[in-house]
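Just below is one structure, and these are the notes that go with it.
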Amino acid sequence: MLRSGILNPALLSLLARVRHTNTLVISDRGFPFWPEIETVDISLVDDVPTIAQVLDALLPAFVVGQVFAAEEFGRHNSAEKVAALKKRLGNIPLRFEPHVEFKKRVPHAIGLIRTADTTPYANLILESA
């Protein structure tokens, strides 16, 4: 039995299939469904869990080379929220791009983790190192 770290078996299975330069999407509750990629839905109620909480759970075990986010995140959220994301990522490069371009990356991902986050444009794409 697992005692710590990620406990969700579907999420563990998804993470185990991510290889070098593959991508993984962490989305908010309203992100469109993409039938061509596996989705692990861990939403419960509004903001449980958040994208930040999922990211915090993934970072100790997931080797991230870079992260993609919508540039609209900075326009629709406070400077503090943007700074918190950058701090959370540490030295991991964060690339902002238009939301339309961001969504073009989604079908190429190994999978998508749907959260219950209500933060506008908080979706992330993690690229493994």
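The values are calculated or read from the model by the stated rules, or taken from the named source; none is laboratory data. The shown structure was predicted, so the numbers you read here are calculated from the model rather than taken from an experiment. Cβ atoms come from the backbone with ideal geometry, glycine included; neighbour counts cover every protein chain shown.
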Checklist entry - Residues of the stretch 84-108 being closer than 20 Å to Ile37 by Cα and either in contact with a His (Cβ under 9 Å, 6 or more places away or on another chain) or crowded, with 20+ Cβ neighbours inside 10 Å (or both), which ones? => result Phe102
Checklist entry - With respect to the numbered conditions (1) in contact (Cβ under 8 Å) with a residue 60 or more places away in the chain; (2) in contact with a Gly (Cβ under 9 Å, 6 or more places away or on another chain); (3) of a type outside the set (A, V, I, L, M), which one is the sole condition not fulfilled by Phe96? => result (1)
Next on the checklist: Taking the conditions exactly as written (within 19 Å of Ala16 (Cα to Cα), touching a residue at least 24 places away in the same chain (Cβ under 8 Å) and under 14 Å from the mean Cα position of the chain (by Cα)), does Ala70 satisfy them or not?
Outcome noted: no
Item to check | Residues being over 24 Å from Ser4 (Cβ atoms) and touching a residue at least 60 places away in the same chain (Cβ under 8 Å) - total across the stretch 33-66 | outcome: 9
Checklist entry - Based on what the data block shows, is Ile92 assigned to a loop (DSSP other than H, G, I, E, B) and among the β-branched types (Val, Ile, Thr)? => result yes
Checklist entry - Could we say that Phe62 is at pLDDT below 95, exposed (fewer than 12 other Cβ atoms within 10 Å of the Cβ), among the hydrophobic types (A, V, I, L, M, F, W, C) and not in a helix (DSSP H, G or I) here? => result no
Next on the checklist: Regarding the stretch 15-36, can at least one residue be identified that is part of a loop (DSSP other than H, G, I, E, B), farther than 17 Å from Ile125 by Cβ and either in contact with a helix residue (DSSP H, G or I) (Cβ under 6 Å, 6 or more places away or on another chain) or of a type in the set (Ser, Thr, Tyr) (or both)?
Outcome noted: no
Item to check | Pairs with Cβ under 8 Å, 6+ apart, first in the stretch 1-19 and surrounded by 10 or more Cβ atoms within 10 Å (Cβ to Cβ), second small (Gly, Ala, Ser) and part of a helix (DSSP H, G or I) | outcome: Gly5/Ala57; Ile6/Ala57
Item to check | Complete set of residues in the stretch 68-89 that are under 17 Å from Ile125 (Cβ atoms) and either in a loop (DSSP other than H, G, I, E, B) or modelled with pLDDT of 95 or more (or both) | outcome: Phe68, Ala69, Ala70, Glu71, Glu72, Phe73, Val82, Leu85, Lys86, Arg88, Leu89
Next on the checklist: With the requirement that a residue be aliphatic (A, V, I, L, M) and either crowded, with 18+ Cβ neighbours inside 10 Å or under 13 Å from Ile92 (Cα atoms) (or both), what does the stretch 65-80 give you?
Outcome noted: Val67, Ala69, Ala70
Next on the checklist: Only one of Asp56, Asp41, Asp28, Asp46 is surrounded by 18 or more Cβ atoms within 10 Å (Cβ to Cβ) and of a type in the set (D, E, K, R). Can you tell me which?
Outcome noted: Asp28
